[in-house]
1. Report the dimensions of the stretch 133-204 along its three principal axes from the alpha-carbon atoms, largest first, rounded to Å.
2. Set the Förster distance to 22 Å, then compute FRET efficiency between Glu61 and Asp285 from the Cβ-Cβ distance, nearest 0.05.
3. On the Cα set of the stretch 180-288, report Rg and Dmax in Å, please.
4. Can you give me the C-alpha center-to-center distance between the stretch 239-305 and the stretch 51-123, rounded to a whole angstrom?
5. Stretch Glu75-Glu157 to full length: gain in nm at 0.36 nm per residue minus the Cα-Cα span?
6. With viscosity set to 1.567 mPa s and temperature to 4 °C, compute the Stokes-Einstein D of the stretch 83-155, Rh being the Kirkwood radius across alpha carbon pairs; µm²/s, no decimals.
7. Tell me, what HN-Hα J-couplings in whole Hz come from the Karplus equation 6.51 cos²θ - 1.76 cosθ + 1.60 at θ = phi - 60° for each residue of the stretch 256-271, using x for Gly and Pro?
8. Along the charge dipole of the stretch 66-214, Cβ charges K/R +1 and D/E -1, which of Ala208, Thr172, Val77 sits furthest on the positive end?
Amino acid sequence: MATKKDNENKDNLLQMIFDHIWYSIFPKERIGTISQEELEEVFPCLPERIDYELPKKINKEGIYIPIGKTFKGKEIVLDLKSNPHTVVTGVTGAGKSVCIKEIITTLMKNYSSKDIEFYFIDFKIVELSLFKRCTDYVKSYVTEIEEAKDLLADLMEECKMRYRLFDELEVTNVWDYNKLVPKEKQLKRQIIVIEEFVEFTQDRKKIAMALLRRFSSLARASGQYLIVTGQRFDNTVIDLVLRNNLSNRIVFQMSDEANSKLLLGVSGAEKINVKGRCYVKVNADMKECQSYYISDKQVKEYIKPYIKPKSKNKPTNEQTINDNNKTSKNGHERARTISNDNNIIDLSFIDNL
């Protein structure tokens, strides 16, 4: 049993360690007059808002998306080449919609429409409408579940076609393929944004979910990248296969501890009380950050050069935008065929790439 003297010696040792650390940070003559700036340097805290500024393009192979800044101003940047699929989640008003607009704006400004293109599934109708007239970039904009199934079926066909091309040149991904073909034959990176993923559960036949699950598994190397948003991603909304394929996770305030644990593996997101504050987890690496804030006014200014004027002679609804994409006379039937594992064209060669 420890004696009183032993406890005193332990206390003295702890005090000596504390004093050593403290005095190494602050000179003795400053004790009692420590400034707020010095305290924040040693014990940093995140600002409650970081206004968006257009980041410089990273001149390395990849598709880079700055999300925000962590303690001491360190920037968090996602690379879709390394981790192609992303989920952005949080309760209403937490900051996920602003984050999506920041991501799309950055991609449009930093990458040419000759290199990337967007496919929007906007079940909320208004969230992505700011971008739908940027038709050099936006190849499809749909708002209904049946349209979404047709679009996913087309994207699956594109995915299979790309892998056949890779097989012919004996390469394993879009980046290596583009290095071997003339510029006019290079494949664009396709970014598919799904706003309010939970609407997929309204498809009673579960065709859309089956398509999306297969697409997320196959498209990792094809240059087709998913960005999915929603308020919750529990087992009633998303299956384990799809959730595991969403390796970039941007988690704003969650409604409860269980939803935080599902995407982060730990609790904590339910305690966030600052708008725009989030945890960013890429595989096993997790950091807390303040995401960039961009207003709708800023978005409009940045994308103004890409917006096509409304035509008086042509309708400007979602179907017109879809005309830029590949179409099918029987999209629903094709969607049902692709969702049936037994009817899918053999893709076993992908395992050997």
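1. 42, 29, 16
2. Efficiency for this residue pair is about 0.60.
3. My reading of the Cα-based Rg and Dmax gives 15.9, 52 Å.
4. Answer, in whole Å: 12.
5. Numbers: separation 82, 0.36 × 82 = 29.52 nm, distance 3.67 nm.
Full-extension gain reported as 25.9 nm.
6. Details: Rh = 13.4 Å.
Calculated translational D: 97 µm²/s.
7. 7, 5, 4, 5, 5, 5, 4, 9, 9, x, 9, 7, x, 5, 6, 9
8. The residue sitting most towards the positive pole is Val77.
The values are calculated or read from the model by the stated rules, or taken from the named source; none is laboratory data. This one's a predicted model, so the numbers in the text were calculated from it and none came from an experiment. Every residue, glycine as well, gets a Cβ built from its backbone with ideal geometry; the counts of neighbours run over all protein chains shown. Surface accessibility is based on the protein's heavy atoms, side chains included, excluding ligands, DNA and RNA. Shrake-Rupley method; radii C 1.70, N 1.55, O 1.52, S 1.80 Å.
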